[in-house]
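**Q** Submitted below is the structure of interest, expressed as structure tokens.
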Amino acid sequence: MPSTPEPAEGDVHTFERTFTHEDVERFGEVSGDQQAIHSEPDEEGRLVVQGLLTATLPTKIGGDLGVLARTMEFEFIEPVYTGEAITCEVTTESVEEREDRYDIACSVVCRRPDGRVMNARFEGIIWKAGQ
């Protein structure tokens with residue numbers, strides 16, 4: 001496992017992604033969530049992105065940081081559509097150092113230019129190097 005920097009309260013990490021029709025179709029195949037809003041384009045040719053596909057934004061950041069999540073909580077505020085750039089911001093709220101790991105809690109905000117689409121929280125661990 002690659003070494004990651006020691007986590008600290010107040011750390012902020014961001015990631016931006018624009019979901020495509022193919023992303024929504026593939027996620028629908030894997031998850032079984034193939035409702036019409038995810039498979040039939042609206043009048044602007046967009047699909048609604050599955051909520052849990054949107055939730056992969058903070059999991060990408062957590063993966064980059066080496067977080068093994070214990071709990072995850074999501075609040076879906078507005079629908080996300082294919083073709084929209086969504087920025088995810090993860091803020092480390094607390095870090096407790098243990099002998100072999102760090103216990104962390106993070107808050108998440110995902111937004112498009114006109115406002116928030118998702119709030120979230122997660123708690124987990126980051127193993128120290130060599131563990």
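Every number here is computed from the coordinates shown, using simple stated rules; none is lab data. It should be emphasised that the depicted structure is a prediction, and the values quoted were computed from it without experimental measurement. With ideal geometry, Cβ positions are generated from the backbone for all residues, glycine too; neighbour counts draw on all protein chains shown.
**Q** Is there any pair with a first residue in the stretch 18-44 that is touching a residue at least 60 places away in the same chain (Cβ under 8 Å) and a second that is acidic (Asp, Glu) whose Cβ atoms are under 8 Å apart and which are 6 or more apart or on different chains, and what are they?
**A** Sorted first by the residue in the stretch 18-44, then by its partner, the pairs are Thr18/Glu84; Phe19/Glu84.
**Q** Still on this model: For the subset of the stretch 118-131 comprising residues that are part of a strand (DSSP E or B) and more than 16 Å from the chain's Cα centre (by Cα), which member is farthest from Ser94 (Cα to Cα)?
**A** Once the filter is applied, the top-ranked residue is Trp127.
Conditions (1) of a type outside the set (Phe, Trp, Tyr); (2) in contact with a helix residue (DSSP H, G or I) (Cβ under 7 Å, 6 or more places away or on another chain); (3) within 24 Å of Asp23 (Cα to Cα), marked per residue:
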residue: Leu65; (1), (2), (3): yes, no, yes
residue: Arg70; (1), (2), (3): yes, no, no
residue: Phe76; (1), (2), (3): no, yes, yes
residue: Pro79; (1), (2), (3): yes, no, yes
residue: Glu84; (1), (2), (3): yes, no, yes
residue: Val90; (1), (2), (3): yes, yes, yes
residue: Glu93; (1), (2), (3): yes, no, no
residue: Arg98; (1), (2), (3): yes, no, no
residue: Asp103; (1), (2), (3): yes, no, no
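**Q** Then there is this: All but one of (1) over 16 Å from Pro7 (Cβ atoms); (2) surrounded by 14 or more Cβ atoms within 10 Å (Cβ to Cβ); (3) touching a residue at least 60 places away in the same chain (Cβ under 8 Å) hold for Thr59; which doesn't?
**A** That leaves (3) as the condition not met.
**Q** Here's a follow-up. Could you check how many residues of the stretch 5-36 are touching a Phe, Trp or Tyr at 6+ places or on another chain (Cβ under 8 Å) and closer than 30 Å to Arg101 by Cα?
**A** 2
**Q** Considering only the stretch 72-99, how many residues are touching a Gly at 6+ places or on another chain (Cβ under 9 Å) and over 26 Å from Glu25 (Cβ atoms)? So that I can check it myself, show each step before the final result.
**A** Within the stretch 72-99, the first condition is being touching a Gly at 6+ places or on another chain (Cβ under 9 Å), and the residues that meet it are 72, 74, 76-80, 82-83, 90-93.
Remaining after also requiring over 26 Å from Glu25 (Cβ atoms): 90-93.
The qualifying residues number 4.
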